[in-house]
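Accompanying notes for the structure given below.
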Amino acid sequence: MNEKNETLSLGRPEVPKGRFKCNFCKECLGGGCIGELPGMGGVEKSSNFIKNCHDWKKLYKKIAADPNKNGLLHLHCDIHEKLGIAPVTGAVQNIGFENEKDFYLPYFWCAAETGISICVGDGYPDEKLELGIQACKTLGKKAYFFFKPYPDEILEKRIAMAKPYAIAMGMDIDAYNIVTMRNQVNLEQKTAGQLEWFRKKSGLPLIIKGVFSEKDLQLCDQVHPDIAVVSNHGGRVDTVAGSTAEFLYEHAARLKEICTELWVDGGIRTANDLKIACCLGASKVLVGRPFISSLCQNGIDGMLEKIRSFE
């Protein structure tokens, strides 16, 4: 599918004013929302959230100082190929929108207008996925879909709902341990066999998102996903300590041997961060909080400006 920008026949959607939970820090680096979960923060005093942001800067300095690698920093990263919006739901619970439906169309519209990839998440209740699908339908765009690890009978229904609008389908393998969904739904750790079932049932390329431990690497070894996404859910799940930048740096070569594409999210804030991720082998980078913060603070123009800052 051609994801390059096209003139949208749909007019600009409105971003309703709300009591947004973002603190609109000058730089979104994790320090301003510690302990705010539900909200924009992360677990363990946002430790992995903060480390995600910090380590891209650390890696930039490391690569810039290496004469064998610093030439990579001059490579151009085309945002149409390399950038996407993260699959975000929970607009009321975590962002502060008055109505869940008010978030998806503006968020997706900005991605479509700038020609970057759209990623759609799900959650509880079912309307979160339904609203994401409706936004894709309204825009006439296909997207990458990411599902929480629900029992297979629920996933089968969600696959059928999303398939007409999907480029590929993915599983958030780490989301069984997401704090904001505890005691709400039954989520489970997926086995290699279940992921193969998921791939067969969808008939589309398989994405495994949440690769952040040796166990996850072993799972990828077994399944050979079409796309593997290095992620710790923006520091919002209970997992090992560390950053996605560091994990990508250490394991990119291994992952690229067992998947067709390697993606990453978590803490990417600038064009330099995007460039570092590409230098390390990422074919796409997903960004969430900075785009959402800009959308809430300055509307459509704010998010468009933030996306274009990565060029």
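Using a cut-off of 27 Å between Cα atoms, the listed pairs LYS201/LYS284; LYS200/LYS275; LYS58/LYS142 include LYS200/LYS275; LYS58/LYS142 as exceeding that distance.
Its Cα gyration tensor gives segment 202-293 an equivalent ellipsoid. The semi-axes, each the square root of 5 times an eigenvalue, are 20, 14, 14 Å from largest down.
Quick check on packing: order 55-63, 180-188 by the mean number of other C-beta atoms within 10 Å, highest mean leading.
Values: 55-63: 18.1, 180-188: 12.9.
The packing order, highest mean first, is 55-63, 180-188.
The gain in end-to-end length when the SER309 to THR138 segment is fully stretched comes to 58.9 nm, 0.36 nm per residue minus the alpha carbon separation.
Adding -39500 (n - 2.57) for every DSSP H run of four residues or longer, then dividing by how many residues the chain holds, sets the calculated 222 nm ellipticity at -13000 deg cm²/dmol.
Over segment 1-104, all Cα pairs binned in 10 Å intervals from 0 give whole-percent P(r) values of 12, 27, 31, 24, 6, 0, listed from short to long.
Full extension from LYS163 to SER47: what is 0.36 nm times the residue separation minus their Cα-Cα distance, to one decimal in nm? Display every interim value, and only then the final one.
Working: separation 116, 0.36 × 116 = 41.76 nm, distance 3.61 nm.
Result: 38.2 nm gained on full extension.
Per-residue packing, averaged as other Cβ atoms within 10 Å, sorts the ranges 14-22, 161-169, 225-233 into the order 225-233, 161-169, 14-22, beginning with the highest.
Taking the protein heavy atoms of the chain in the context of the full set of protein chains, the accessible area attributed to carbon and sulfur is 49 percent at 1.4 Å. Placing a pseudo-label 7 Å from each Cα along the Cα-to-Cβ vector at GLU250 and GLU36 gives an inter-label distance of 3.0 nm.
The values are calculated or read from the model by the stated rules, or taken from the named source; none is laboratory data. Since this is a predicted model, take the numbers as computed values, not measurements. So basically every Cβ, Gly included, is an ideal-geometry build from the backbone, and we count neighbours across all protein chains shown. Only protein heavy atoms, including side chains, enter the accessible area calculation; ligands, DNA and RNA are left aside. Shrake-Rupley method; radii C 1.70, N 1.55, O 1.52, S 1.80 Å.
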